[in-house]
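Read through the structure below, which is laid out as structure tokens, and then see the notes.
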Amino acid sequence: MVEEKDKKSESLYLKLIPYFDKYGILLLLLLMILVMHILQPDVFLSWRNVTNVFKQISWQSMLALGVFMVIVTAGIDLSVGSIMMLSLMILAIVAKAGAPWFIVVITPLIAGFLCGLINGAGITFLRMPHPFIMTLGTLYIFRGTGNLISGGTPISGFTDEVRYLGHGRIDLTWLGLEKSQYLPVSLVLIAVVYFIFWIFMNHSRTGKWIYAIGGNPNAARASGINVNKILIIVYSLCGFLSGIGALILAGRADSGYPNAGLQSELDAIAACIIGGASFFGGRGTVLGVFAGVMIMGILRNGLNLMDVSSFWQQVLIGSIIVLAVYIDVLRRDLSTRK
Amino acid sequence: MSSFNNLLLEAKGITKYFGTITALENVNLKVRAGECLGVVGDNGAGKSTLMKVLSGLYKPSAGSLHFQGKEEVLESPRDSQNLGLEMVYQDLALAGNLPIGENIFLGREPTKNLGLLKFLDFKKIKELTDAHLGKLKINVKSADQKVEELSGGQRQAVAIARSTAFDAKVVIMDEPTAALAIKEVGKVLDLINSLKKTGVGVIVISHRMDDIFTVCDRVMALFQGTNFAEAELSKTSRDEVIGWIMGKK
């Protein structure tokens, strides 16, 4: 159909919008880094502090990535914190039972995957009216199970192999750096996992279908896509990532403890929303989620450096969620022509 | 119209119950290559249910579907697509967050294989999309444009392009002009006419007599889930067809 050439849409301003759409959140992240650097010039960008930030966000970034995929399908997973806690407890019990380290390392991944599978199966086969309900249920079920099997007490002390992902250091002295300037293994893990999932979401058919389901599930169904199968895959992967989170946390904390990951599902959701994922599905990028996780991590770290009370941190993170979404609303007003 | 005897799709005695409700009862339908069949009927007459049966979205409670003379059982929309039976839904069944090209190839994306891994071939999607839109004379700014940025008529055109991107033999359209501005209706009807010329059998479900009398060769009316009347377009009139819709002969 011949539409009249739309002169307005040819303007530079509208051409820039897609880029702003894609990379705007990174600008916000850079701005924050700059502000923090100005406020704390000696400390904030020091090797020690930067690696600290990455260590602190390591397991949250896994949960956020899982929740992100779920949110793209217009769903929600409230149980990721509990999946992580249950996987961590199972890891701790298996480790205490004296299993070899490669078995211990795999258990949380399998446990997380199976928990996610239960979520996905419940949402599709039990036809729960909304994933909120299923995962609210499993939020309690998984944490309760974790406490049942551990007796509600912490189980501590893992071997170095088990702790490697969360606690390991990659020595950089061969680059001429000092001993204290090491690379945390968790940082490398974040980079690798995010890269793999970036490829998955943007360059695989399944990834494209996840976006399509979020955009219009009826369109996906009419295109012959098995929507239920894709949803089960998404929730299972989300559980699997929570399992990776558990493995990282095992390394960091050297302990399985009952409060692990308490309320971390809300942090994960917040990171996705700050990173530009839409609750209505179909919108958001892996890069955006990473930026969202970083923004929350830097905010907490920066406020800690400046001795600001954690109560203020809560207020600020909440404000940033509202602000980020409001900017998104404004941006969409500008970019839609109707 | 020499291909008129080339029967593509035939539905025989289609019956569909939803619990105790009878949505369709013993409905027959035929469409030939290069022919446009108009299906009319009041709300609740069973038009959309019939369409969903033909597309494999619903399984009929009784009756059979024959495609090019062979009986087929459709388990899912994928089955009907594989036969060359495509559907353009009233709600368009497009994902607004995806670009035009990715919508056209949704569920059937071309991929590049790297060992066991399959990656989407964006270059091929774009090339095929540009070629296909060009063939149908559909003008959009770019195949990369998101569908949510398009006008209603452009969306309808994309939906039709989608239905014909894979060698469709029969295209079924549910109210193809219902959501369109008047100036866009003509463009969509032109598109239907050019589809017919390529030998595609078209079924148009519509309320609008203008649509039916512009593109269809034959019209059939459903009334309360049954075949009520059918005629060559040249042998009937608007008033008669409107009468059928209301159950008067």
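The values are calculated or read from the model by the stated rules, or taken from the named source; none is laboratory data. Note that the structure is a prediction, hence the values are computed from the model and not measured. Virtual Cβ from ideal backbone geometry, glycine too; neighbours counted across all protein chains shown.
Among all residues of the stretch A:228-239, there is at least one that is at pLDDT 95 or above, closer than 29 Å to A:G81 by Cβ and in contact with a Leu (Cβ under 6 Å, 6 or more places away or on another chain). Scanning the stretch B:101-118 for residues that are in a loop (DSSP other than H, G, I, E, B) and more than 7 Å from every other protein chain (Cβ to nearest Cβ) turns up B:F105, B:R108, B:P110, B:G115, B:L116.
Here A:G302 fulfils each of the conditions (1) closer than 18 Å to A:L39 by Cα; (2) under 24 Å from the mean Cα position of the chain (by Cα); (3) free of Cβ contacts under 8 Å to residues at least 24 places away in the same chain apart from (3). Looking only at residues in the stretch B:119-147 that are at the interface with chain A (Cβ under 9 Å from one of its Cβ atoms), modelled with pLDDT of 90 or more and farther than 17 Å from A:S223 by Cα, the one that is surrounded by the most Cβ atoms within 10 Å (Cβ to Cβ) is B:F122. Name the residue that is farthest from A:A253 (Cα to Cα), counting only residues in the stretch A:117-170 that are touching a residue at least 12 places away in the same chain (Cβ under 8 Å) and charged (D, E, K, R). In this case the residue turns out to be A:R143. Note on the stretch A:235-268: residues that are surrounded by fewer than 24 Cβ atoms within 10 Å (Cβ to Cβ) and aliphatic (A, V, I, L, M) total 4.
Here's the yes/no breakdown for (1) buried (at least 23 other Cβ atoms within 10 Å of the Cβ); (2) away from chain A (no Cβ under 14 Å); (3) hydroxyl-bearing (S, T, Y); (4) over 29 Å from B:T236 (Cα atoms):
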| residue | (1), (2), (3), (4) |
| --- | --- |
| B:V27 | yes, yes, no, no |
| B:K52 | no, no, no, no |
| B:P77 | no, no, no, yes |
| B:L83 | no, no, no, yes |
| B:M87 | yes, no, no, no |
| B:P99 | no, no, no, yes |
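Within the stretch A:41-88, the set of residues being out of contact with any helix residue (DSSP H, G or I) (no Cβ under 6 Å at 6 or more places or on another chain) and not in a helix (DSSP H, G or I) comprises A:P41, A:D42, A:S46. Among residues of the stretch A:155-196 being over 29 Å from A:F102 (Cα atoms) and not hydrophobic (A, V, I, L, M, F, W, C), the one that is nearest to the other protein chains (Cβ to nearest Cβ) is A:G176. Pull up the stretch B:55-75, narrow it to residues that are away from chain A (no Cβ under 14 Å) and assigned to a loop (DSSP other than H, G, I, E, B), then point me to the one that is nearest to B:R155 (Cα to Cα). Looking at the filtered set, the residue picked out is B:K59.
Scanning the stretch B:195-249 for residues that are among the hydroxyl-bearing types (S, T, Y), in a strand (DSSP E or B) and more than 28 Å from B:Y17 (Cα to Cα) gives no hits.
Residues of the stretch B:22-53 that are at pLDDT 90 or above and among the aliphatic types (A, V, I, L, M): B:A23, B:L24, B:V27, B:L29, B:V31, B:A33, B:L37, B:V39, B:V40, B:L50, B:V53. From the list A:I225, A:I199, A:I210, A:I230, the lone residue that is in a loop (DSSP other than H, G, I, E, B), within 14 Å of chain B (Cβ to nearest Cβ) and of a type outside the set (S, T, N, Q) is A:I225.
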